[in-house]
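The values are calculated or read from the model by the stated rules, or taken from the named source; none is laboratory data. This is a predicted model, so every value here is computed, not measured. Ideal geometry is used to build each Cβ from the backbone, glycine not excepted, and the neighbour counts take in all protein chains shown. Quick note on the areas: whole protein, heavy atoms, side chains included, nothing else; ligands and nucleic acids left out. Shrake-Rupley method; radii C 1.70, N 1.55, O 1.52, S 1.80 Å.
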Amino acid sequence: MATIVMGLLAQSTGTIEVNVAVPLVTRCNPNLVCCAPPHLATPVLTQEEVSLTPRRPLASRAHLQALTPPTSTPVAGFEAVRGKLQAPLTNRSASKQNIVKVPDDNNNNVVEQEPPKKFRAVRPRASDIEDLVRRGIMIQACTNFRVALATEDAFPGVDADNMAMIAFMEACEQKGMCEAVNIEEKDLKLIKGRASQLRGEVVTLARARVKFHYHFLDKDNTTLTLGKNCEKYRALTDWNAFIYKDPASREPGTLFRNQLLQDVLNQAFFRNAKDEDIVYRSCFNASEGGIPLPTIALIITAIDCAISEFRTGEHIQQEFMEKMFTKQYRNYRTTLENWKKYTVKQGTLSAAQVQRKMYRLACIHAGVDENADDTITSTLSITNFAADKDTPNTV
């Protein structure tokens, strides 16, 4: 539609004269508007002429539209652009919605509707079981399974079912359930779910300490920063230097003595006197031999995962999944076992010393006595009761 610029209105002899200037729309480009010729332009009045001109009331919009001369047919392209610009906001927002076309009940017509929203599944918990007896057994079974993961095998694989069954039966004995208690498939699934939970907790603690312990840079992704991180990654992973007390020197007699191993162990299992390692001392200090080798292997594997996140220079977090790190865990566990056998053969017993020292330092961190017994025994015996026999007629 051509633009109409209204000029000054003047009334004489009962009629209204309208001076208009109609710009011309070019055919080559509908968005370009040419100026009107000079003889059609509205005359410009001086200040004195304006002051002398009598003021008349303005005509109504409907009256002006009736007096407007018909315009030429607008260009189709201009109308298309104008229609898009004047489209309501609701139509534009609706066009971006994910609309799914599905058949109706009779499979005749197609109905458009929004797709259903996806909700994240909630992990089942033993505390949600309504039966109080069974709930207590399942909570104890999950704890037993976590302790077995940490001290025996953190990546059980196909043996997870057997470990879960053993943890459940031990829980029944601990709760005094002598009669047989049936275990269902959902119970096994709930118990086995603690495996990924435990590994996730350990790798999270390792990831939070690797960056500061080994001085990785994570402020920006400049070429200098990426280069330093890559260099640091290669220095730590060559010959597994990160497990030495000083990765740069790798001095003899410092294998598996890096302070980061002790820090992760303290935070994962020895935070306070109520942690699993203190309650189940017989598992975490079997035969008073110190921290089990599978526990140390789990910590080393978690640290290795955290270091490998800087292999490209940029910190890219990766999942601590069983199928990705089972081989590394087995390798570290076998290395620890071979190292202990070698030290026994050589008569140095360095591996046993490291295990006992890690346990002693962990107990100090938790604030407990390393020689304390985890079982609760009565301090009074029958002899004490007999000695405290009441005398007649005494209160």
* **helices (runs of 4 or more DSSP H) completely within the stretch 216-333 that count 2 or more residues being modelled with pLDDT of 95 or more and either crowded, with 19+ Cβ neighbours inside 10 Å or at negative phi (or both)** => 223-237, 259-269, 293-308
* Under 6 Å between Cβ atoms, at least 6 apart or on separate chains: pull out the pairs that start in the stretch 192-204 with a residue that is open to solvent by 10 Å² or more (accessible area, probe 1.4 Å) and end on any residue that is charged (D, E, K, R) and in a helix (DSSP H, G or I). => Arg194/Arg146
* Give the residue, chosen from Met165, Met138, that is at pLDDT 90 or above, within 30 Å of Thr301 (Cα to Cα), open to solvent by 30 Å² or more (accessible area, probe 1.4 Å) and not in a loop (DSSP other than H, G, I, E, B). => Met165
* Pairs with Cβ under 8 Å, 6+ apart, first in the stretch 246-258 and among the basic types (Lys, Arg), second in a loop (DSSP other than H, G, I, E, B) -> Arg257/Lys245
* Top-ranked residue in the stretch 168-177 [being part of a loop (DSSP other than H, G, I, E, B) and touching a helix residue (DSSP H, G or I) at 6+ places or on another chain (Cβ under 8 Å); ranked as most open to solvent (accessible area, probe 1.4 Å)] -> Lys175
* Which pairs have Cβ atoms under 7 Å, sit 6 or more apart or on different chains, and link a residue in the stretch 313-333 that is without any contact (Cβ under 8 Å) to a residue 40 or more places away in the chain and closer than 21 Å to Arg234 by Cα to one that is open to solvent by less than 80 Å² (accessible area, probe 1.4 Å) and not hydroxyl-bearing (Ser, Thr, Tyr)? -> Ile316/Glu309; Gln318/Cys305; Gln318/Glu309; Gln328/Asp304; Tyr332/Ala297; Tyr332/Ile300
* Return the residue satisfying two criteria in turn: it lies in the stretch 212-255 and is touching a helix residue (DSSP H, G or I) at 6+ places or on another chain (Cβ under 8 Å) and charged (D, E, K, R), and of such residues it is farthest from Ser350 (Cα to Cα). => Lys219
* **Odd one out for Ala362, checked against (1) assigned to a helix (DSSP H, G or I); (2) at pLDDT below 90** => (2)
